Amino acid sequence: VTSGDGTNVQPDVICPLCGGRGASTRFALSDLPVRECGCGMVFLYPHPDAAELVEMYGPGYFKGWGGGGDEDAAARAVKQLTFSSQLALLAGTVEPGRVLDVGCATGYFMEVAAAAGWEAYGVEVSEFAASVAAISFGDRVFQGTLEQAAYPDRHFDLVMLSDLLEHIPEPLPFLREVRRVLAPTGVLMIVTPDVGSLSARIMGRRWSHYHREHLHYFSAQTIDRLLGNCGFTVPSIAAAPKHLNMAYVAAQLRLHRHPVLTPLAELADRLLPAFLKKWSLPLRCGQMLVLASPSAERRA
Ligand SMILES: [Zn+2]
C-alpha cells in the first residue's frame, strides 16, 4: 500500500465524483482501502454494504456520542451551541420557514431550529434515534431515507446535512433529491469533514474523521464540483468550528474510557465549578461548513 502518488493504481475502482478509473490507494483503514482519484476525490472502496451500515447505526451508535443515552444533557448542550451558531449564519439570507434536517438523529438541531422560529422536519434511518426525535416532533420525523420520504418538489426553505453527507453511499443521486425538495430561493447547509483541512494534512492516516462509516471524504474543491454537478452553486465554504466544554469531554470519556484521561476528567468534573464546566470554546476540528443554493439555469 502506498500513498496517493499514483504508484498503486486500481483500474477497477470507479471514482464517485468524476467517474474516472484508476484511483490510487492512500492507505487501508483497518481492512478498508482509502482511495484517491486524480480529480482529488477521496473515498472508501469497497465500502460496507447496506446491511452492514444498518447494523452500524443501531442504538449504540447514537448513545456513543451521548444522543438519547445517559450523557444526553452534556451532548445536547454543546451540540445545540454549535447548531445555533450555524443557524445564525443565515440571518438576513433566508427567512425562517420549513427546514429539513436529513440525518436528524435524536432531534437536537430540530429543537434549535424550532426555537428560532422554523417549522422543523427530520429524516432519520435509525429507528432508535427517529423514535427519540418523534417524542418532540411527532410525524414531522420520517424514519427512513430522504428518497423514501418522497417530499413534494420545492418544499423546504432550508435543508441541513450535518455530519451526514460523508455517510451517504451515493452522494450524486442523493444531492439531486435534495435539489428537488429545496425551494428555488432556498439554502442548503452542509457540515462535513474537510480532507483538505490542516488537521487532515497534519494527522495523515490518524486523522480523527477516518471511519468505516465515512464513505466519502470531501475537500472544498471536490464538494464544489459535486454540488455543481447536482444543480447547486456554492457561495461559501469555511471552516466549521464545534463547541466543546469540560462537561461534554468528561461525558465522552465516561462513554469511551481511557486509562489516564478518564480519571483526570472525572477529577476535573468533581473539582471545577459548574460555570467553568459549561464554559464552551469553539474549536476547529477539521470540518467545513458549506452554503449552497439552487443554480438559476436549473430552475426553469
Ligand atoms: Zn475522480
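The values are calculated or read from the model by the stated rules, or taken from the named source; none is laboratory data. Model, not experiment: these values are computed from the prediction. Because the Cβ atoms are built from the backbone with ideal geometry, glycine has one as well, and the counts that use them run over all protein chains shown. The accessibility values were calculated without ligands, DNA or RNA, using every heavy atom of the protein model including side chains. Shrake-Rupley method; radii C 1.70, N 1.55, O 1.52, S 1.80 Å.
The residues of region 18-68 that are outside any loop (DSSP other than H, G, I, E, B) and over 29 Å from Arg225 (Cβ atoms), listed by number, are Ala51, Val54, Glu55, Pro59, Gly60, Tyr61, Phe62, Lys63.
Only one entry in Ala91, Ala75, Ala113 is modelled with pLDDT under 90, under 22 Å from Thr192 (Cα atoms), away from the ligand (no atom under 16 Å from the Cβ) and surrounded by 17 or more Cβ atoms within 10 Å (Cβ to Cβ), namely Ala75. Restricting the first member to region 141-156 and to residues that are closer than 19 Å to Ser293 by Cβ, and the second to residues that are of a type in the set (Gly, Ala, Ser) and surrounded by fewer than 18 Cβ atoms within 10 Å (Cβ to Cβ), the beta-carbon pairs closer than 8 Å and six or more apart or on different chains are Phe156/Gly97. Among the criteria (1) without any contact (Cβ under 8 Å) to a residue 40 or more places away in the chain; (2) touching a strand residue (DSSP E or B) at 6+ places or on another chain (Cβ under 8 Å), the one Leu175 does not fulfil is (1).
Could you tell me which of the residues Leu264, Leu188, Leu198 is among the aliphatic types (A, V, I, L, M) and surrounded by 14 or more Cβ atoms within 10 Å (Cβ to Cβ)?
Answer to the selection: Leu188.
Considering region 9-42, and only residues there that are open to solvent by 40 Å² or more (accessible area, probe 1.4 Å) and away from the ligand (no atom under 16 Å from the Cβ), the residue that is modelled with the highest pLDDT turns out to be Ala28.
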